[in-house]
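To start, the structure itself, in structure tokens.
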Amino acid sequence: MNRLQTVFDAVATHARLQPQKPAVRDSRRSLSYAQLHDRASRLAQALGDLGLQKGDRVALLAYNCAEWMELYAALAGAGLVAVPINFRLTPDEMAYIVHHSQARCAIVQHTLLAQLEAVRRDLPAVDGRCVVFGGPPPSGWLAYEPLIAQAAPLQPPSAVHSHDMSALMYTSGTTGKPKGVIRSHEGSTLIAMATALEMGFTGEDTGLMVMPMCHANSLYFSHTFVHLGATCVIDDRASFDPEGLLSTLAAQRITFTSLVPTHYTMMLALPSDIKARHDVSRVGKLMISSAPARRETKLAILDHFRNAQLYELYGSTEAGWVTLLRPHEQLDKLGSVGREWAMSGPIKLLDERGQEVPDGEVGELHSRTAYAFDGYWQNPEKTAEAFRGDWCSVGDLARRDAQGFIHLVDRKSNMIITGGENVYPTEVEAVVAAHPDVRDVAVVGLPHEKWGESVHAVVVLHEGAHTTADELLQWCKARIAGYKRPRGLTLVNEADLPRTATGKIQHRLLRERLLQTEPALD
């Protein structure tokens with residue numbers, strides 16, 4: 001029988017080998033491996049006592065907190081499927097995921113009750129199996145802590161196999177309705193092994209999870225640390241706090257964290273005296289993910305975190321980790337997302353006919369990882385679109401240089417076609433972003449009667465900057481081909497850029513907003 005350890009098995013192993021070792025902590029509490037195993041085991045049994053059976057989906061809605069780790073472990077032990085829901089979604093969007101996944105149970109943090117209460121009324125499938133933690137449950141809901149306390153430890157554990165579904169992770173929906181990504185226990189374990197091999201993590205590491213625990217980034221890294229018997233610290237602040245992050249890195253003796261470029265920029269923009277208060281010398285590895293970082297950002301990171309190696313990754317919920325830019329390549333291959341990870345196969349860049357493109361030309365990126373997803377839940381058409389044989393694609397466009405380094409160009413769905421020419425927003429964004437007054441930029445295509453689409457930039461300036469839209473358009477005029485230049489430019493505040501939970505700008509939503517608010521822009 002093909003059998004790899006699940007995350008529940010890993011917790012059980014380290015509960016035997018090092019019961020007092022801290023497994024997970026947040027600002028409220030710390031759990032040893034023995035405590036984490038006991039609580040996860042009891043929760044698994046309690047969910048079975050509610051009538052849930054192997055393969056049933058369980059919707060999870062919470063801010064970052066230590067409970068995520070016992071939830072993931074408990075569901076794995078019981079053979080149930082985690083359906084993590086992004087807390088930033090609207091109640092209607094949450095209802096879609098609960099309904100589409102056919103969840104038979106919902107576990108929600110008390111502070112998010114209002115969102116899921118509306119879901120519960122509309123979706124009777126979870127009725128009687130709604131559990132709340134972090135506060136008193138409303139009428140008809142079950143209390144999380146008594147549920148755990150009153151249950152016996154799981155006996156015997158469910159017969160969970162490597163290819164069984166462990167999680168149903170819904171994509172952010174940047175190009176339409178979110179799709180349920182089926183991830184197996186095997187995929188979860190293999191990506192943990194690949195991460196440990198590639199980055200040299202050990203049981204002595206302490207990782208800080210800042211990205212949402214409902215997202216693939218924190219899920220994959222936290223599972224890696226659990227498999228190794230290391231310690232996970234969950235950043236449970238309600239919003240990102242750059243000084244608070246520095247304080248946590250120092251006080252919790254963190255050796256690794258993964259952040260998006262905006263996090264690094266905000267943290268490194270703090271006054272020097274504030275940064276000097278916090279000893280970050282134990283941080284040995286840092287990851288940049290979800291968006292490319294500028295050269296000056298990388299230099300600032302390396303200057304402040306003197307003992308840290310810097311990595312940059314590209315991946316997806318579907319494929320897992322795909323490429324890695326390693327520490328010695330950071331400044332030599334600026335703009336690249338690196339080459340293949342350990343345990344991932346070759347990368348193919350294919351044209352519309354499915355033929356590989358030569359180096360230097362743009363093609364749709366297909367990867368063959370050992371831990372790719374098993375398809376989209378109840379969506380065979382989209383599953384078929386995502387695969388060419390063993391190769392998986394999420395619609396990203398890229399080019400490969402002569403040394404084999406991958407340079408992302410854009411999402412296939414974001415490509416602008418103006419006057420018959422293909423324009424990739426990331427290329428235009430790089431030109432606009434090079435202006436010293438620009439803090440952030442997003443480029444979209446807007447309808448144009450003559451050209452089909454025209455290029456439009458939406459820009460956030462640094463605080464105190466006074467550059468005008470016309471000045472930025474002139475900046476682009478001398479630096480990029482005419483058909484690629486923005487024909488319109490809108491200055492906005494940071495909050496006006498719609499983002500996913502990991503900080504990616506949602507180009508589709510931004511385009512829709514522009515069409516609603518400024519229909520005559522071009």
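Bear in mind these aren't lab numbers, they're just calculated from the coordinates by the rules spelled out. Note that the coordinates shown come from a computational prediction; the quantities given were computed from them, not determined experimentally. Note that each Cβ is placed from the backbone with ideal geometry, even for glycine, and that neighbours are counted across all protein chains shown.
For residue 30 paired with residue 281, estimate the spin-label separation in nm (one decimal), with each label point 7 Å from Cα along the Cα-to-Cβ line.
Placing both labels 7 Å along Cα→Cβ, they lie 2.1 nm apart.
Dipole of segment 7-189, Cα-centred, from +1 at each Lys and Arg C-beta and -1 at each Asp and Glu C-beta, to the nearest 20 debye?
Values: 17 positive and 15 negative charges, 45 e Å.
Rounded to the nearest 20 debye, it is 220 debye.
Binning every alpha carbon pair distance of segment 7-189 at 10 Å from zero, what are the percents per bin?
10, 38, 38, 13, 1
If each Cα of segment 211-334 is one equal point scatterer, what is log10 of I(q)/I(0) from the Debye formula at q = 0.10, 0.14, 0.15, 0.23 Å⁻¹?
Results for segment 211-334 at q = 0.10, 0.14, 0.15, 0.23 Å⁻¹ read -0.30, -0.61, -0.70, -1.69.
Kirkwood hydrodynamic radius (Cα pairs, Å) of segment 102-238?
Across segment 102-238, the inverse of the average 1/r is 17.6 Å.
If packing is taken as the average count of other Cβ atoms within 10 Å, what order do 273-281, 315-323, 105-113, 288-296 fall into, highest mean first?
Numbers: 273-281: 13.1, 315-323: 24.2, 105-113: 21.6, 288-296: 18.4.
Result, highest mean Cβ count within 10 Å first: 315-323, 105-113, 288-296, 273-281.
Pick out, from 77, 486, 455, the residue whose Cα sits farthest towards the positive end of the charge dipole of the chain, with +1 on the Cβ of Lys and Arg and -1 on the Cβ of Asp and Glu.
77
Which shape class applies to segment 415-517: rounded if a/c is under 1.5, otherwise prolate when a/b exceeds b/c and oblate if not, where a ≥ b ≥ c are the square roots of the Cα gyration tensor eigenvalues?
It comes out oblate by the Cα gyration axes.
Output the 0 to 90 degree angle, nearest 10, between the alpha-carbon long axis of helix 91-101 and the longest principal axis computed from the alpha carbons of the chain.
So the inclination is approximately 60 degrees.
Write down, largest first, the equivalent ellipsoid semi-axes of the chain in whole Å, where each equals the square root of 5 times an eigenvalue of the alpha-carbon gyration tensor.
On the way: eigenvalues 294, 134, 112 Å².
Those come to 38, 26, 24 Å.
Compute log10 of I(q)/I(0) for segment 287-409 with the Debye formula, placing one identical point scatterer on every Cα and leaving out solvent, at q = 0.15 Å⁻¹, to two decimals.
Log10 I(q)/I(0), no solvent term: -0.70.
Once label points are set 7 Å from the Cα along Cα→Cβ at both residue 465 and residue 250, what is their separation, rounded to one decimal in nm?
A separation of 3.0 nm, rounded to one decimal place.
With charges set only on the Cβ (+1 for Lys and Arg, -1 for Asp and Glu), what does the dipole of the chain come to about its Cα centre, in debye to the nearest 20?
The dipole magnitude comes to about 720 debye.
Using only the alpha-carbon atoms, how far is helix 216-228 inclined from the longest principal axis of the chain? Give it as 0 to 90 degrees, nearest 10.
Between the helix axis and the principal axis of the chain, the angle is about 50 degrees.
Does anyone have the angle between helix 507-517 and the longest principal axis of the chain? Alpha-carbon axes, 0 to 90°, nearest 10?
60 degrees
Can you tell me the convex hull volume per residue for segment 1-115, based on C-alpha atoms, in Å³ to the nearest whole number?
114 Å³
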